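Trainee: I have a structure I would like to understand better, so I am pasting it below and will then ask my questions one at a time.
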Amino acid sequence: MSSVDTELDRVSRVSPVKANLTLMDMCRPLLTTFVPLLVALLIASLILLAVGVDPLAYYSYVVERGLFSPSGLQQTLTRMAPLLLLAAGLIIAFRAGIWNLGVDGQFLLGALAAAVLAPALHGVLPGWMVLTLSIMLGALTGALWSLLPAYLRAYQQVNEIVTTLMMTFLGLSLGNALVKLVFLDPATTVPQTATLPVDARLPRLFETTVSSGVLIGLVAIVVVHLVMQRTAFGLRLRVVGSNAAAARHAGLPSRKLTMIVFALSAALAGMAGAVDIVGVHGNLRADWNPAFGLLVIPMVFLARLNGFAAIVFVLLLSILSIGGESAARRLGVPSSFTLVLVAIVLLTLAVAEHVDQRWRRQRLS
Amino acid sequence: MNVSIPAADPEVSRLPAAQAPVVSLRGVTKRFPGVVASDTIDLDIHPGEVHVLLGENGAGKSTLISMLAGLVQPDEGEILLDGEPVSLSSPKDAINAGIGTVFQHSMLVPTLSVTENLLLGDRWWRRPDRASLATRVAAIVEPLGISLRLDAPAADLSLGEQQQVEIVRALLRDSRLLILDESTSMLSPSGIEELGALMRRLVSRGLAVVFISHKLNEAAAFGDRISILRLGRKVGSIGPERFRALEQDVLVAEIIEHMFDDQERGTDASVAKRLPVDLSGEPLLVVRDVSLSATDTSPALRKLDLDAWPGEIVGIAGIDGNGQKQLAELLAGQRALEGGSIHLAGQRLDGLNVGERCELGLRYLTDDRLGEGTLGEFPVSLNFFIKQIGSSPYWQHGFVRGSDIDAEARRLVKEFDVRTPSIRTPVGRLSGGNIQKVVLGRELAEGARLVVFNKPTYGLDVKNIRTIQRRMMDAAASGIGLIVISTELDELLLLCHRIAVMVDGAIVGTVSNTGESVRHDIGRLMAGVTS
């Protein structure tokens with residue numbers, strides 16, 4: 001930042017930005033995040049009041065259960081694992097200008113693959129190998145599920161927004177059908193796959209109940225961020241995403257890169273599903289679809305496709321969803337109120353972005 | 001509502017300055033990050049006059065227009081409408097104030113018919129009234145001597161016709177001031193003539209016209225009054241009395257004086273230091289029997305042969321769209337060869353991709369500098385390197401070395417005199433001339449042996465044209481071979497040792513650029529007379 005400013009001053013005929021505003025500059029990201037959060041909480045309070053619930057009780061319960069109680073915090077951190085992996089996959093795709101909106105289908109089939117493989121190999125192979133293979137198979141399944149949209153986009157110029165969304169519907173149905181018809185666990189009456197014993201799942205961190213999946217998620221998103229920012233491969237993807245004609249002019253193999261982007265993005269989504277299964281659930285129940293992807297997509301955009309910022313937003317989403325689920329049980333507010341709250345936060349954050357940009361433009365001019 | 005043009009008054013059109021200005025700018029200033037795009041500009045726009053705003057790229061013409069069209073707001077100063085200050089805070093305000101703008105690129109909806117385009121923007125609750133529109137349009141176009149095909153889809157119209165539709169649209173909205181932004185840049189010579197005549201008829205009916213251009217001859221031919229902009233300032237103006245009194249070439253000379261510093265005149269001579277070529281060695285580039293099948297928009301390439309020696313500048317003349325771009329893309333490796341061979345310094349190139357050819361020293365400077373030549377949102381620094389992503393020393397083991405990139409980018413910015421606030425400025429924010437310097441810097445950087453230039457000075461102002469041409473001469477003098485594709489014959493005559501003429505996908509002849517008859521010979525070749 002400082003080097004840019006000095007250059008600006010040296011080259012331009014006017015000194016454009018006053019130095020005394022730098023404090024303001026540093027505070028701005030915090031302001032534009034927390035002010036809208038407060039506004040969103042206020043708006044949600046009104047809704048809560050309207051349905052006869054004490055907003056303060058609700059919020060304190062959400063925060064206590066999502067962040068400040070040991071068990072809540074542990075659940076929140078555990079929940080972050082699949083969300084971070086999804087965010088990592090989405091960042092790759094969006095940076096390369098590809099709208100992979102089918103992460104939920106890729107997630108679910110990745111989960112199914114892990115849910116089938118892990119119990120089958122349990123006791124046959126060493127535990128760490130079972131887990132590794134299951135997560136890898138999840139990733140592979142996710143990638144395979146994106147093959148058709150990837151091919152259509154790369155070689156036939158078919159819009160991937162439509163195809164990936166459609167593949168999600170197919171994927172959810174296929175997953176359900178496979179659970180009910182093929183991979184049903186005969187030992188239970190509920191339609192679900194065989195269960196991986198708790199002690200065979202991803203190890204927990206230290207003396208807590210936090211699944212080590214969150215570490216996988218953190219590593220994935222940081223690696224993705226560094227690859228996109230610091231490597232030639234990441235730059236190639238960004239060039240293709242920014243201007244396809246320029247990519248051709250620069251001699252980049254756009255089609256190949258498109259296929260690779262889909263594969264990586266969908267593999268991370270499939271991995272998210274696998275990690276959620278071998279880390280938390282242990283099996284896959286029919287009709288299970290957490291639809292994390294649709295919640296993570298806006299978070300990734302609010303983070304401006306920045307990996308580190310995405311971690312913060314994913315944490316926020318995690319707290320809200322875990323805390324909200326607890327509060328629903330205790331206070332009788334439907335658990336879908338979490339979605340209402342998240343939606344209001346998104347709207348106010350988006351409005352804040354808009355206001356901030358206008359303000360910035362005015363100040364610069 | 002009646003015809004929107006005020007009734008013609010012969011007295012008025014002869015003595016335009018007698019009328020009070022419709023719109024005046026008073027000390028208008030607009031700043032953007034790093035530049036003052038408009039610096040305390042005063043301007044009076046009178047009815048019955050074509051007011052030409054002349055200036056090179058980046059002189060601040062577009063900013064001025066954007067302020068009058070309500071797209072951006074001035075930071076200081078005021079805009080007066082009939083002497084009263086107004087605030088034009090949106091395009092709607094501008095339209096209501098009677099200011100109509102025809103932008104450089106068509107603003108019509110291509111899939112809608114002309115009628116539908118003209119009806120757009122009316123109150124949403126009103127039923128579109130096609131019948132009365134037709135009468136109103138007729139009342140407008142008849143006195144102007146133009147005709148509109150009201151039922152044709154806008155996409156089927158020529159660019160000139162589309163412009164006429166936009167002009168009529170502005171008149172339908174009771175515009176008193178019509179702004180034409182670089183309107184001739186997309187037109188054929190006859191289209192330009194027509195537009196000029198139309199402007200004369202419009203002002204003779206009392207309308208005020210602002211005509212933006214960077215072409216001197218158009219300014220002199222169509223204007224009543226000229227204001228010359230340079231680096232955001234108004235550096236000169238010529239009123240109607242002087243305008244009429246001066247001969248056209250005296251006028252042009254006076255305008256040039258305003259537009260450029262003294263030392264910049266006479267650089268023509270310094271550009272034209274063409275060194276003799278040493279033909280004793282092997283040719284650097286050998287193209288034999290190259291062919292390519294036709295597409296919807298381009299002719300087939302038929303058995304092309306082309307040679308270039310080190311230090312030689314070979315021109316390719318021809319009307320646009322005769323396969324020049326396809327040839328350039330074949331050389332660069334952006335298209336696969338369908339027949340024939342290309343050798344660079346003895347090495348066969350077919351099968352090598354863009355990057356590998358770059359590495360060997362074959363560079364291609366595209367004519368589409370914004371569409372494919374650069375990444376608008378990316379910083380200037382990275383745009384120097386997009387053709388060598390991953391190669392050392394700027395990347396090591398796949399990881400970027402930011403400080404090396406920045407250092408080299410700073411050096412190139414300095415060497416090629418790119419005017420940018422910073423190397424981190426998105427390249428799309430620079431003016432056309434500066435973007436071209438970035439592209440030039442990239443293609444001429446270390447290791448260039450043969451550079452294909454496709455319309456290297458297209459759309460640039462005189463000063464940048466000279467800078468770029470000087471760079472090209474310097475490159476040739478240092479032993480680089482140049483292939484220059486251009487539609488400007490003067491440019492080729494200035495730069496080239498030899499000029500090949502391309503017609504309908506074939507090279508119909510090559511002329512050595514010596515002697516008096518070259519221009520004539522090339523003309524004959526283009527017209528289809530074999531040499």
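The values are calculated or read from the model by the stated rules, or taken from the named source; none is laboratory data. It should be emphasised that the depicted structure is a prediction, and the values quoted were computed from it without experimental measurement. With ideal geometry, Cβ positions are generated from the backbone for all residues, glycine too; neighbour counts draw on all protein chains shown.
Trainee: Name, by its number, the condition in (1) outside any loop (DSSP other than H, G, I, E, B); (2) among the small types (Gly, Ala, Ser); (3) closer than 18 Å to B:ILE405 by Cα; (4) within 12 Å of chain A (Cβ to nearest Cβ) that does not hold for B:GLY441.
Mentor: Every condition holds for B:GLY441 apart from (4).
Results for (1) in contact with a Ser or Thr (Cβ under 7 Å, 6 or more places away or on another chain); (2) surrounded by 19 or more Cβ atoms within 10 Å (Cβ to Cβ); (3) in contact (Cβ under 8 Å) with a residue 40 or more places away in the chain, shown as yes or no for each residue.
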{"position": "B:VAL418", "(1), (2), (3)": "no, yes, no"}
{"position": "B:ARG424", "(1), (2), (3)": "yes, no, yes"}
{"position": "B:VAL439", "(1), (2), (3)": "yes, yes, yes"}
{"position": "B:LEU444", "(1), (2), (3)": "no, yes, yes"}
{"position": "B:VAL451", "(1), (2), (3)": "no, yes, yes"}
{"position": "B:THR467", "(1), (2), (3)": "no, yes, yes"}
{"position": "B:GLY479", "(1), (2), (3)": "no, no, yes"}
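Trainee: Please work out which residue is surrounded by the most Cβ atoms within 10 Å (Cβ to Cβ), limiting yourself to the range B:378-400 and to residues that are outside any strand (DSSP E or B) and of a type in the set (Phe, Trp, Tyr).
Mentor: Per the stated criteria, the residue is B:PHE384.
Trainee: Same structure again: From B:LEU482, B:LEU492, B:LEU525, grab the single residue that is within 29 Å of B:GLU446 (Cβ to Cβ) and assigned to a helix (DSSP H, G or I).
Mentor: B:LEU492
Trainee: Might you let me know whether the range B:333-346 holds any residue that is over 15 Å from B:ALA448 (Cβ atoms), in contact with a Pro (Cβ under 7 Å, 6 or more places away or on another chain), buried (at least 18 other Cβ atoms within 10 Å of the Cβ) and within 9 Å of chain A (Cβ to nearest Cβ)?
Mentor: No.
Trainee: While we're looking at this one, here's another question. Any chance you could count how many residues in the range B:36-82 are in contact with a helix residue (DSSP H, G or I) (Cβ under 7 Å, 6 or more places away or on another chain) and among the small types (Gly, Ala, Ser)?
Mentor: Number of matching residues: 7.
Trainee: Any residue at all in the range B:456-466 that's out of contact with any Phe, Trp or Tyr (no Cβ under 8 Å at 6 or more places or on another chain), within 26 Å of A:LEU237 (Cα to Cα) and either more than 12 Å from chain A (Cβ to nearest Cβ) or not in a loop (DSSP other than H, G, I, E, B) (or both)?
Mentor: Within the range B:456-466, not a single residue is out of contact with any Phe, Trp or Tyr (no Cβ under 8 Å at 6 or more places or on another chain), within 26 Å of A:LEU237 (Cα to Cα) and either more than 12 Å from chain A (Cβ to nearest Cβ) or not in a loop (DSSP other than H, G, I, E, B) (or both).
Trainee: Now, a different point. Is there a residue in the range A:323-341 that is away from chain B (no Cβ under 14 Å), more than 23 Å from A:LEU48 (Cα to Cα) and either touching a Cys at 6+ places or on another chain (Cβ under 7 Å) or part of a helix (DSSP H, G or I) (or both)?
Mentor: no
Trainee: Any idea how many residues of the range B:363-377 are at the interface with chain A (Cβ under 8 Å from one of its Cβ atoms) and surrounded by fewer than 20 Cβ atoms within 10 Å (Cβ to Cβ)?
Mentor: 5
Trainee: Within the set of pairs 6 or more residues apart or between chains, which connect a residue that is on the phi > 0 side of the Ramachandran plot inside the range A:80-98 to a residue that is surrounded by fewer than 24 Cβ atoms within 10 Å (Cβ to Cβ) and modelled with pLDDT under 95 with Cβ atoms less than 6 Å apart?
Mentor: Cβ pairs passing all conditions: A:GLY97/A:GLY241.
Trainee: Where residues in the range A:236-253 are at the interface with chain B (Cβ under 7 Å from one of its Cβ atoms) and either assigned to a loop (DSSP other than H, G, I, E, B) or not hydrophobic (A, V, I, L, M, F, W, C) (or both), which of them is farthest from B:GLU443 (Cα to Cα)? Spell out how you get there, then give the answer.
Mentor: So the first thing to find is which residues in the range A:236-253 are at the interface with chain B (Cβ under 7 Å from one of its Cβ atoms), and the list is A:236, A:239, A:242-243, A:245-246, A:248-251.
Then keep just the ones that are either assigned to a loop (DSSP other than H, G, I, E, B) or not hydrophobic (A, V, I, L, M, F, W, C) (or both); that gives A:236, A:242-243, A:248-251.
Values: A:ARG236: 19, A:SER242: 21, A:ASN243: 19, A:ARG248: 16, A:HIS249: 12, A:ALA250: 11, A:GLY251: 14 Å.
For the range A:236-253, the residue satisfying everything is A:SER242.
Trainee: Of all residues in the range B:120-143, count the ones that are in a helix (DSSP H, G or I) and either closer than 20 Å to B:MET107 by Cα or in contact (Cβ under 8 Å) with a residue 60 or more places away in the chain (or both).
Mentor: 7
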